1. Which cross-chain or sequence-distant (5 or more) residues have an amide H under 5 Å from the amide H of residue 91, H modelled 1.01 Å from N in plane?
2. Before anything else, pin down the relative contact order of the chain: Cα pairs under 8 Å, at least 6 apart, normalised by residue count, whole percent.
3. Share of antiparallel DSSP beta bridges in the chain, in percent to the nearest 5?
4. So what does residue 41 come to for accessible area, using a 1.4 Å probe and Å² rounded to 10?
5. In segment 80-144, what GluC sites (Glu not before Pro) fall in a loop by DSSP, with at most 16 other Cβ atoms inside 10 Å?
6. Just the accessible area per residue of segment 5-226, please: how many Å² with a 1.4 Å probe?
7. What is the spin-label model distance, in nm, from residue 55 to residue 23 if the labels are put 7 Å beyond Cα along the C-beta direction?
8. Give me, ordered by chain and number, the residues 5 or more places off residue 142 or on other chains with an amide H under 5 Å from its own placed amide H.
Amino acid sequence: MNGIRIAPSILAWDLGDLERAVEISVSGGADQIHLDVIDGHFAPNITFGPGTVKALRRRTDLKFDTHLMIDNPGAYVGKFLDAGSDLLTFHAEVLDGPGFDELYRAVKAKGKEAGLAVKPETEVPRWAVDRLDKVSALVVMTVSPGFSGQTMDMSVMPKIQRAKEMISDGGFGTDIEIDGGVEPENVREVVRRGGNVLVAGAGVYGKDDPVSAISVLRNKAEEARRGQ
Ligand code: DX5
Ligand code: ZN
């Protein structure tokens, strides 16, 4: 079983002080930093691009988990790889099998990892199931893409469980990354369903003590694991 990983999402921090967001993740012992890239087309917000990722790369060696909520990932995959992303996640809604294969080749050529994300209402498509051996992280969104601070959509739980079964049955090493509204109160449920990478924006950066919030989430997740 893949280990628990905590991935704070800097979108929830002051976007004028992302250096501090990185420092908080580093001091809190986060496993990776989740970077939400939104283009104003795929989802109704515009965040930041490769230039910001590159600037943050100079400030830490922590794994960069870049979540591309963009319509045309093919045009930007190289730029985000060059900027220093370690895991590049693409949305299944804007891809098909051959489209993913092309992106995967670009990612692998740089020795990096590819992820696939699905919105709350999207089932993992057949072409993606057939390629899970190439997918390092299946990102199951539990809020609609666009903004931090939304409430987790609990109707997504059965899909997490189905994803977990699919991955175990196939013997794949794919992480199941849960993205949206993760808070100490729902960690138990998402881990019980099979989530192992927990993205948290408000659940870390919205807390009075964001550094400790990382271990709060980790402890809850480990506890849920032990109870299984
Ligand atoms: C939403 C993003 C999420 C979000 C997480 O479009 O993909 O990563 O920032 O933030 P919280 O944990 O506050 O929902
Ligand atoms: Zn995200």
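The values are calculated or read from the model by the stated rules, or taken from the named source; none is laboratory data. Predicted model, so just to flag it, every value in this text is computed and none were measured. Cβ: placed from backbone, ideal geometry, glycine included. Neighbour counts: every protein chain shown. All accessible areas refer to the heavy atoms of the entire protein, side chains included, with ligands and DNA or RNA removed. Shrake-Rupley method; radii C 1.70, N 1.55, O 1.52, S 1.80 Å.
1. For residue 91, the qualifying residues are 70, 117.
2. Numbers: 454 pairs, mean separation 50.9, N = 228.
Relative contact order, the chain: 22 percent.
3. If I count the DSSP bridges inside the chain, around 5 percent turn out antiparallel.
4. My reading of the accessible area for residue 41 is about 140 Å².
5. Taking segment 80-144 and a limit of 16 other Cβ atoms within 10 Å, the loop GluC sites (Glu not before Pro) found are 121, 123.
6. 41 Å²
7. Spacing of the two 7 Å Cα→Cβ label points: 1.6 nm.
8. Answer set, sorted by chain and number: 179, 180.
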